[in-house]
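The values are calculated or read from the model by the stated rules, or taken from the named source; none is laboratory data. This one's a predicted model, so the numbers in the text were calculated from it and none came from an experiment. A quick note on method: Cβ atoms are made from the backbone with ideal geometry, for glycine too, and the neighbour counts reach across all protein chains shown. We work out accessible area using only protein heavy atoms, side chains counted, and drop any ligands, DNA or RNA first. Shrake-Rupley method; radii C 1.70, N 1.55, O 1.52, S 1.80 Å.
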Amino acid sequence: MRVLRYITPEESFRQYRRRLEAAGLIAIGLLLVLAGRFFWLQVVQFERYHTLAENNRIALVPAPPPRGAIYDRNGTVLAQNYTAFTLEITPDKAGDLDQLIRELAELVEITPADVKRFRRLLGESKGFERVILRARLSEAEVARLAVNRYRLPGVEVRARQFRQYPYTDVMAHVVGYIGRISAQDKDQLAAEGRDANYRGSEYIGKAGVEASYERWLHGRTGFEKVETDAGGRAVRLLERTPPVAGHNIHLHLDAGLQQVAVEVFGEHRGALVALDPSNGGVLALVSRPGFDPNLFIDSIDQATWAELNHPMTRPLINRALRGVYPPGSTIKPFMGLAGLELGLRTPGDSIQDPGYFSLPGSTYRYRDWKKNGHGVVDLKKSIAVSCDTYYYRLAHQMGIEAMHRFLAQFGFGRKSGIDLEGELAGLLPNPEWKRRRFNQPWWPGETVIAGIGQGYMLATPLQLAVATMAIANDGVVYAPQLLRAWQDPTSGRMHYAAPRVLGRIPLKPQHLAVIKQAMVDVMLPGGTAAAAGAGAAYAFAGKTGTAQVIGIKQGARYDEKRIAAHHRDHALFIAFAPAEAPRIVVAVMVENGGSGSGTAAPMARKVIDYWLLGKRPDAAAPGGLVAPEATAEEAEEREDASPVPAAGEPEEVPGDAR
Amino acid sequence: MLAERLFKRLTAHLDPVLVGLLGLLLLVSLVAVWSASAGNSDKFVAHLVNIAVALTAMLLASHIPPQRLMQFAPLAYAVGLVLLVAVALFGEVVNGARRWLDLGVTRIQPSELMRLAVPLLLAWYLHQKQESLRSVDFAVALGLLALPVVLILRQPDLGTSLLIAASGFFVIYLGGLSLKLIAAAAALAAAAAPFAWHMLHDYQRQRILTMLDPSSDPLGAGYHIIQSTIAVGSGGLTGKGWMAGTQTHLDFLPERSTDFIFAVLAEEFGLIGNLLLLALYAAIVYRGLTLAARAPTLFGRLLAAALVLTFFIYAFVNMGMVSGILPVVGVPLPLVSYGGTSMVTVLLGFGIVMSVATHKKLVKT
């Protein structure tokens, strides 16, 4: 092999120096590359990396606001927050969860339901989030956990705010409840651009006032800017925007009255609405059976859920606004007023009641509830004794269109606009509706039975109360309203809600006087609700009604004893008092309660007694709330429930409008 | 008097300028490790001990005459090679790589030995052949270099093998390897790159891919680069101040006292701090090369210069890696990172540099 070259040490050294210098230059070049890179990162791109570093270290932790409380008109608490200790587990920090739960169960009581709920929440959460295993720990349990904490990794005892409804089932349908924010709620909040305010919130109003006034009750979420390390642990607090508590909501509702109204129902199903005629304020709104809203806050076990959805009782349905029933004879004061206003009747006009009405050229008999008729009947008597024949005839003369127009003014067939969700509009039929709905013409016979509130017409107890308010108020109708005031939580200032006028019906005072007097007569001896009105210390105006659940065949008789309980008539009653200067309007509906006079009227009496006189019903006799035994004669002739052929299908269960 | 004479005797082979510059760098290291270990005084004390041991090693190495090193060179290389083969056959697998050899009493990483043994051997070899350098000599030298490099590459340890290859290359380059040959080899390497890619292990390929696009794996392999780049960039011009780096002190920066310690300095002292550090490295390299050029023998010149250039390459690769322009290859920042092995190896190297520069007289053998 060729020797490359023979070089002297001097040459070798010179080459070495040259190459060393070249290497040095390259090194300088590389250093410049680094310097350039640093300049790029630290000067040119500084803002970007500064932001990234800040994002790394700063976390915004939402601080959910305390929810506003709900009070009745006297400041009685209907919904409030309380602080309780919860046992929570951070799955990422805990080891074997089953083992951990077994160990915890030796220290505190943990039910299978707790474990089940924990598992469900666990599935919905991320591993680093705390999941509640047990809520509402006792002090002893907290102490036991504290002592054993060292051997329970990932277990924490924390103070949390809980919602509580002290009136449980009494206020359930009014106050409603909050529940965990669902995926749908989240979508809804996002669609309304309100989701940022719910970061950190776990609950949202689901029903009742809790839902209607969610925006005020919730408050504004605060934020804590905290410095966190790479593990997500908060190192220190940098900045804090405190949450703003939700507004307190004050209702027109009177807890005492509501309590009485619930008590008078006993085991009955139904609804009661009491309004303040001076402003439409809802004084009481009851739907029975009730339920305990406290159950809804976290989760409900299957058995309870099944019970709450029992097809017969359906406690979750707010019957006051979602139960629709034929108004029955409670429509008669409005029909009578229509007769006067439309010039079809004068107060003195009277008929001879043979116990039935037939359309001209027909032999079909529309029967009065009283087999042999009421004899000579004028307008006042027709209301006092609830004469059907009078109204068959009047309705026939008036015609369905005029009837529809007149009754619509009282709010029938449309929503009252109460500040609760889910209200139904009921149904005020006319021929056009029937054509649309069934593609059939309107039959004259349908007008006849409409005159006594049967047939297609459906109304909610709330609508009955609103319509009654129109009479009590001489035509002025206010929208029923639960909200009396909202209160700023920091200043404590109250903002009162203005009453909302739904309409002013032009009614002649002399006509109103006749109808009001007739309704007072209902409560006096000779009237259908004389028993309920007996001994009232004020002028009590009312009207009984009975809504048929099943049709009775022509010529057949209604025998309560032979009819299954859920096929019995619904009992209805509307009232206001004192008649000359009304301070309360009441509508009562008792599902399958039998008769309005026997069941519903005494309930209203007790409610009004409490409101006007401060008299509590005899607590010892809830049975007294049920209809007093009817006399033999009354038993034979079922007052007020007219054995007319039912038009269409019998009204079975409330809950859907036809 | 005695103490003074003893001191003079001890420091006779030290270069005051280089020692001063190295001392400055070690001060930087103390500042950085203190911040990176935030309150962990055990670690800081251990670091001080490491530095003391390494300085002692440097002092001792400065006293070893180059001739002794030359005698030692083939043996060191041979032992290193045997150990590397042993690693390949019986080595312990740690983190998916076979790098350690369990000797019963202690575990050693033979590749560390090769960092010094490879330039030592090549400098010795070229020194032997200096009278009549032929192509075949360079071929042999390249072969001697390739052997350990391939063995280490297969452990696999890409970073170390590349850096050892660099140190060997420096010797051969300074020894006079034809520049045409180097150009040809570079062209060949470029052509062979696809094959080399094929030979790489998955995790090595991943590192390169992650370097090209760290966001492709932000929680895995990319996490180191992303966080260190953020640390460097957020340092800005003047830095966040000593002990005030958020990336460092809130645990976002991984391996912050070892391989990524440069990010700590960059975050806390900013661009100005970085440029001063670069200047310090440049000064050390300049002084080191100056000393190397003073060496009386070819062996000394080649060895010293190769050691200094390797030191530079380590620093460059580390800073390039932390600032995101080179793949993460697990190379510490020389003389700054926490870690005894690297500290000792590097200062030992500088001890040798000073030894060859100061042992002027040829001693008869």
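Quick check on my filter: what residues within segment A:111-161 are under 30 Å from A:GLU210 (Cα atoms), open to solvent by less than 30 Å² (accessible area, probe 1.4 Å) and β-branched (Val, Ile, Thr)?
Matches in segment A:111-161: A:VAL131, A:ILE132.
Return only the number of the condition from (1) hydroxyl-bearing (Ser, Thr, Tyr); (2) in a strand (DSSP E or B); (3) in contact with a His (Cβ under 7 Å, 6 or more places away or on another chain) that A:THR447 does not satisfy.
It is condition (2) that A:THR447 fails.
Kindly evaluate A:GLY417 against the criterion of being part of a loop (DSSP other than H, G, I, E, B) and open to solvent by 30 Å² or more (accessible area, probe 1.4 Å).
Working: part of a loop (DSSP other than H, G, I, E, B): yes; open to solvent by 30 Å² or more (accessible area, probe 1.4 Å): yes.
The answer is yes for A:GLY417.
Can you name the residue in segment A:55-83 that is touching a strand residue (DSSP E or B) at 6+ places or on another chain (Cβ under 9 Å) and among the β-branched types (Val, Ile, Thr) and is also nearest to the other protein chains (Cβ to nearest Cβ) among such residues? Walk me through it before giving the result.
Kept after step one, since they are touching a strand residue (DSSP E or B) at 6+ places or on another chain (Cβ under 9 Å), are these residues of segment A:55-83: A:56-73, A:75, A:77-83.
Adding the requirement that they be among the β-branched types (Val, Ile, Thr) leaves A:58, A:61, A:70, A:77, A:83.
Working: A:ILE58: 9, A:VAL61: 16, A:ILE70: 44, A:VAL77: 45, A:THR83: 32 Å.
Among residues in segment A:55-83 that are touching a strand residue (DSSP E or B) at 6+ places or on another chain (Cβ under 9 Å) and among the β-branched types (Val, Ile, Thr), the one nearest to the other protein chains (Cβ to nearest Cβ) is A:ILE58.
For segment A:356-373, which residues satisfy the criterion of being farther than 18 Å from A:PRO444 by Cβ and either under 43 Å from the mean Cα position of the chain (by Cα) or assigned to a strand (DSSP E or B) (or both)?
Result: A:ASP368, A:TRP369, A:LYS370, A:LYS371.
Mind telling me which of the residues B:VAL329, B:VAL346 ends up being open to solvent by 10 Å² or more (accessible area, probe 1.4 Å), part of a loop (DSSP other than H, G, I, E, B) and within 18 Å of B:ALA165 (Cα to Cα)? Let's see the steps before the verdict.
Values: B:VAL346 fails: part of a loop (DSSP other than H, G, I, E, B).
Every option except B:VAL329 fails the conditions.
With respect to A:GLY270, is the statement that it is outside any loop (DSSP other than H, G, I, E, B), at positive phi and not hydroxyl-bearing (Ser, Thr, Tyr) true? It would help to see each step written out before you state the result.
Working: outside any loop (DSSP other than H, G, I, E, B): yes; at positive phi: yes; not hydroxyl-bearing (Ser, Thr, Tyr): yes.
Criteria met by A:GLY270.
If you go through segment B:234-270 one residue at a time, how many are in a helix (DSSP H, G or I) and open to solvent by less than 10 Å² (accessible area, probe 1.4 Å)?
Pass one, segment B:234-270, residues in a helix (DSSP H, G or I): B:234-235, B:246-249, B:261-270.
From what's left, open to solvent by less than 10 Å² (accessible area, probe 1.4 Å): B:234-235, B:247-248, B:261-264, B:266-268, B:270.
The qualifying residues number 12.
Could you tell me which residue of segment B:221-236 is nearest to the other protein chains (Cβ to nearest Cβ), considering only residues that are of a type in the set (Ser, Thr, Tyr) and without any contact (Cβ under 8 Å) to a residue 40 or more places away in the chain? Spell out how you get there, then give the answer.
Quick first cut of segment B:221-236, residues of a type in the set (Ser, Thr, Tyr) only: B:223, B:228-229, B:234.
Within this subset, residues satisfying the condition of being without any contact (Cβ under 8 Å) to a residue 40 or more places away in the chain are B:223, B:234.
Working: B:TYR223: 10, B:SER234: 4 Å.
The extreme case among them is B:SER234.
Test of understanding: among A:GLY95, A:GLY123, A:GLY127, which residue is more than 24 Å from A:LYS186 (Cα to Cα), out of contact with any strand residue (DSSP E or B) (no Cβ under 8 Å at 6 or more places or on another chain) and modelled with pLDDT under 85?
On the way: A:GLY123 fails: more than 24 Å from A:LYS186 (Cα to Cα); A:GLY127 fails: more than 24 Å from A:LYS186 (Cα to Cα).
The conditions single out A:GLY95.
Of all helices (runs of 4 or more DSSP H) completely enclosed by segment B:1-105, which ones contain at least 1 residues that are open to solvent by less than 70 Å² (accessible area, probe 1.4 Å) and in contact (Cβ under 8 Å) with a residue 12 or more places away in the chain? So that I can check it myself, show each step before the final result.
On the way: elements: B:2-10, B:16-36, B:41-63, B:66-90.
Answer list for segment B:1-105: B:16-36, B:41-63, B:66-90.
Step by step: first the residues of segment A:597-620, then only those that are touching an Asp or Glu at 6+ places or on another chain (Cβ under 7 Å) and more than 17 Å from A:VAL286 (Cβ to Cβ), then the one that is modelled with the lowest pLDDT. Which residue is that?
Kept after step one, since they are touching an Asp or Glu at 6+ places or on another chain (Cβ under 7 Å), are these residues of segment A:597-620: A:597, A:615, A:617.
Subset that is more than 17 Å from A:VAL286 (Cβ to Cβ): A:597, A:615.
Details: A:SER597: 80, A:LYS615: 83.
So, considering only residues that are touching an Asp or Glu at 6+ places or on another chain (Cβ under 7 Å) and more than 17 Å from A:VAL286 (Cβ to Cβ), the one modelled with the lowest pLDDT is A:SER597.
Of everything in segment A:302-326, what is open to solvent by 60 Å² or more (accessible area, probe 1.4 Å) and of a type outside the set (Phe, Trp, Tyr)? Give them in sequence order. So that I can check it myself, show each step before the final result.
Initially, segment A:302-326 is screened for residues open to solvent by 60 Å² or more (accessible area, probe 1.4 Å), giving A:302-303, A:305-307, A:309-312, A:314, A:322.
A:GLN302, A:ALA303, A:ALA306, A:GLU307, A:ASN309, A:HIS310, A:PRO311, A:MET312, A:ARG314, A:ARG322 - these are the residues of segment A:302-326 that are open to solvent by 60 Å² or more (accessible area, probe 1.4 Å) and of a type outside the set (Phe, Trp, Tyr).
Can you name every residue in segment A:568-616 that is among the acidic types (Asp, Glu), surrounded by fewer than 24 Cβ atoms within 10 Å (Cβ to Cβ) and either in a loop (DSSP other than H, G, I, E, B) or not assigned by TED's automatic domain parsing to the domain that holds A:GLY545 (or both)?
First, the residues of segment A:568-616 that are among the acidic types (Asp, Glu): A:569, A:580, A:591, A:609.
Going one step further and asking which of them are surrounded by fewer than 24 Cβ atoms within 10 Å (Cβ to Cβ), we end up with A:580, A:609.
Result: A:GLU580, single match.
Out of A:LEU34, A:LEU30, A:LEU87, which single residue is in a strand (DSSP E or B) and either farther than 30 Å from A:LEU251 by Cβ or within 14 Å of chain B (Cβ to nearest Cβ) (or both)? Talk me through it step by step, then tell me what you get.
Values: A:LEU34 fails: in a strand (DSSP E or B); A:LEU30 fails: in a strand (DSSP E or B).
Answer to the check: A:LEU87.
Which members of segment A:387-411 meet the condition of being free of Cβ contacts under 8 Å to residues at least 60 places away in the same chain and either closer than 21 Å to A:ARG504 by Cβ or part of a helix (DSSP H, G or I) (or both)? Outline the logic, then answer.
The initial filter retains those residues of segment A:387-411 that are free of Cβ contacts under 8 Å to residues at least 60 places away in the same chain, namely A:387, A:389-390, A:393-394, A:396-397, A:399-401, A:404-405, A:408.
Passing the criteria: A:THR389, A:TYR390, A:ARG393, A:LEU394, A:HIS396, A:GLN397, A:ILE400, A:GLU401, A:HIS404, A:ARG405, A:ALA408.
Please state which one of A:GLN188, A:GLN164 is open to solvent by 20 Å² or more (accessible area, probe 1.4 Å), more than 14 Å from every other protein chain (Cβ to nearest Cβ), touching a strand residue (DSSP E or B) at 6+ places or on another chain (Cβ under 6 Å) and more than 30 Å from A:ASN56 (Cα to Cα). Lay out the reasoning, then the answer.
Numbers: A:GLN188 fails: touching a strand residue (DSSP E or B) at 6+ places or on another chain (Cβ under 6 Å).
That would be A:GLN164, the only listed residue that is open to solvent by 20 Å² or more (accessible area, probe 1.4 Å), more than 14 Å from every other protein chain (Cβ to nearest Cβ), touching a strand residue (DSSP E or B) at 6+ places or on another chain (Cβ under 6 Å) and more than 30 Å from A:ASN56 (Cα to Cα).
Quick test for you: out of A:ARG493, A:ARG414, A:ARG504, A:ARG435, pick the one residue that is at pLDDT 90 or above and within 21 Å of the chain's Cα centre (by Cα).
Numbers: A:ARG493 fails: within 21 Å of the chain's Cα centre (by Cα); A:ARG504 fails: within 21 Å of the chain's Cα centre (by Cα); A:ARG435 fails: within 21 Å of the chain's Cα centre (by Cα).
Testing whether each residue is at pLDDT 90 or above and within 21 Å of the chain's Cα centre (by Cα) leaves just A:ARG414.
When the residues of segment A:273-284 are filtered to those that are in a loop (DSSP other than H, G, I, E, B) and on the phi < 0 side of the Ramachandran plot, which remaining residue is surrounded by the fewest Cβ atoms within 10 Å (Cβ to Cβ)? Write out each step before concluding.
From segment A:273-284, those in a loop (DSSP other than H, G, I, E, B) are A:277-280; that's our starting set.
Keeping just the survivors that are on the phi < 0 side of the Ramachandran plot gives A:277-279.
Values: A:PRO277: 23, A:SER278: 16, A:ASN279: 18.
The selected residue is A:SER278.
If A:ALA450 satisfies all but one of (1) more than 30 Å from A:GLU580 (Cβ to Cβ); (2) surrounded by fewer than 24 Cβ atoms within 10 Å (Cβ to Cβ); (3) out of contact with any strand residue (DSSP E or B) (no Cβ under 8 Å at 6 or more places or on another chain); (4) among the small types (Gly, Ala, Ser), what's the number of the condition it fails?
Against the list (1) more than 30 Å from A:GLU580 (Cβ to Cβ); (2) surrounded by fewer than 24 Cβ atoms within 10 Å (Cβ to Cβ); (3) out of contact with any strand residue (DSSP E or B) (no Cβ under 8 Å at 6 or more places or on another chain); (4) among the small types (Gly, Ala, Ser), A:ALA450 comes up short only on (2).
Within segment A:58-73, identify whether any single residue is open to solvent by 50 Å² or more (accessible area, probe 1.4 Å) and among the charged types (D, E, K, R), and answer yes or no.
yes
Would you check if B:THR210 is open to solvent by less than 20 Å² (accessible area, probe 1.4 Å), modelled with pLDDT under 90, part of a helix (DSSP H, G or I) and away from chain A (no Cβ under 12 Å)?
On the way: open to solvent by less than 20 Å² (accessible area, probe 1.4 Å): yes; modelled with pLDDT under 90: yes; part of a helix (DSSP H, G or I): yes; away from chain A (no Cβ under 12 Å): yes.
Spelling it out, B:THR210 is indeed open to solvent by less than 20 Å² (accessible area, probe 1.4 Å), modelled with pLDDT under 90, part of a helix (DSSP H, G or I) and away from chain A (no Cβ under 12 Å).
Just need a number here: residues in segment A:213-240 that are aromatic (Phe, Trp, Tyr) and either open to solvent by 50 Å² or more (accessible area, probe 1.4 Å) or more than 36 Å from the chain's Cα centre (by Cα) (or both). Lay out the reasoning, then the answer.
Within segment A:213-240, the first condition is being aromatic (Phe, Trp, Tyr), and the residues that meet it are A:213, A:216, A:223.
Add one more test, that the residue is either open to solvent by 50 Å² or more (accessible area, probe 1.4 Å) or more than 36 Å from the chain's Cα centre (by Cα) (or both), and what stays is A:216, A:223.
Residues meeting the conditions: 2.
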